[in-house]
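Scroll down for the structure; my scribbles are underneath it.
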Amino acid sequence: MSATTDAPHLLVVDDDARLRALLQRFLAEQGFRVTAAADAAAARRALAAVSFDLMVLDVMMPGESGLELTESLRRDGPEVPILMLTARGAPDDRVAGFEMGVDDYLAKPFDPRELALRIRTILRRAAPPPPPADTSTGPVQIGTRWFDPQRAELRGPEGVVRLTGGEQSLLLALAQRPNEVLSREEIASALGTPEAGERAIDVQVTRLRRKIEPDPREPRFVQTVRHRGYVLRPGV
C-alpha cells in the first residue's frame, strides 16, 4: 500500500537508526506518510516546518528525552498526538508518560501491527467526531467556557481552549452524559484505550481539570464519585 498525498503524516523519532528505518518502511507500507528524526532537536525542526497528524516518539534518547520533549510540546508547542515507544514497561513509567500528555504508550519489543492499530485508534480519536445520534445535545456550560459536543470544541473568553486528543475524548464522553457517573472502564473505552489502568484514567482527569477548573484541587465540574468513577456537573 502506498501513501497518498492526503494520508496521515507521521513523525517517527528514535535514535536507533535501524529501528527508525524499519518503522519508516513498515508505516509507509501501511499507507502513512512518514518523516523520521534521530533526536529531539531534529524533531523540533521537523515540527516547525510541517504539521504532523501524529508523532511516534522514543522515550530514551541522548540529550533531550522523549518525556522532556513531550512536556515542552504540551506546554507551548503544537498539540500533535503522541504515541510513546519505550523499553520500559513498568506502570509508573506509563503513568509518567500520560502525566506529560502522551496519548498512548507501547513498550518495546512490540508487534508492528499493534503499533499501526494504535496509531489508527489515536487518529480516529483526534478526528472531528460525527454529530451524535441525539442532535438535541447542545453546548454544555463549564464555568465561563462552553463545550460543544458536536464539534468536540471547548471555547471561552480567551477563544478555543487547546486540548490533547485524550482530553478532548474524555470531555466529550462526560459532556454527552452530563450529571451521569461514568466508571473508569467506560471512560477507558471512550478514550479508545480499554486496557488502560485506573491510574492512567485518573491522570487524564487531572490533566483535564487543570484546563477547566478554577481550582483543580477543589474540582467543581469534573467530580470524583468514590468507588464509582467521574461525573461532569455543568454550570457556572
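Quick grid of which residues meet (1) charged (D, E, K, R); (2) surrounded by 17 or more Cβ atoms within 10 Å (Cβ to Cβ); (3) in contact with a strand residue (DSSP E or B) (Cβ under 6 Å, 6 or more places away or on another chain); (4) farther than 21 Å from residue 124 by Cα:
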{"site": "13", "(1), (2), (3), (4)": "no, yes, yes, yes"}
{"site": "19", "(1), (2), (3), (4)": "no, no, no, yes"}
{"site": "23", "(1), (2), (3), (4)": "no, yes, yes, no"}
{"site": "40", "(1), (2), (3), (4)": "no, yes, no, yes"}
{"site": "52", "(1), (2), (3), (4)": "no, yes, yes, no"}
{"site": "59", "(1), (2), (3), (4)": "no, yes, yes, yes"}
{"site": "69", "(1), (2), (3), (4)": "no, yes, no, yes"}
{"site": "75", "(1), (2), (3), (4)": "yes, no, no, yes"}
Can you pull out the residues in the range 132-150 that are at pLDDT below 90 and either aliphatic (A, V, I, L, M) or under 17 Å from the mean Cα position of the chain (by Cα) (or both)?
133
Quick check on this structure: which one of 46, 28 is assigned to a helix (DSSP H, G or I), under 24 Å from residue 124 (Cα atoms), in contact with a Phe, Trp or Tyr (Cβ under 9 Å, 6 or more places away or on another chain) and assigned by TED's automatic domain parsing to the domain that holds residue 110?
46
Among the listed residues 25, 74, identify the single one that is out of contact with any Cys (no Cβ under 7 Å at 6 or more places or on another chain) and free of Cβ contacts under 8 Å to residues at least 12 places away in the same chain.
25
Name the residue that is modelled with the lowest pLDDT, counting only residues in the range 1-25 that are under 21 Å from the mean Cα position of the chain (by Cα) and not in a helix (DSSP H, G or I).
7
Quick check: is even one residue across the range 102-113 more than 24 Å from residue 18 (Cα to Cα) and in contact (Cβ under 8 Å) with a residue 60 or more places away in the chain?
yes
Given the conditions (1) of a type in the set (Val, Ile, Thr); (2) within 25 Å of residue 205 (Cβ to Cβ); (3) modelled with pLDDT of 90 or more, report the number of the one that residue 56 does not fulfil.
(2)
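The values are calculated or read from the model by the stated rules, or taken from the named source; none is laboratory data. The structure displayed is predicted, hence computed values, not measured ones. As a convention, Cβ positions derive from the backbone with ideal geometry for all residues, glycine included, and neighbour counts pool all protein chains shown.
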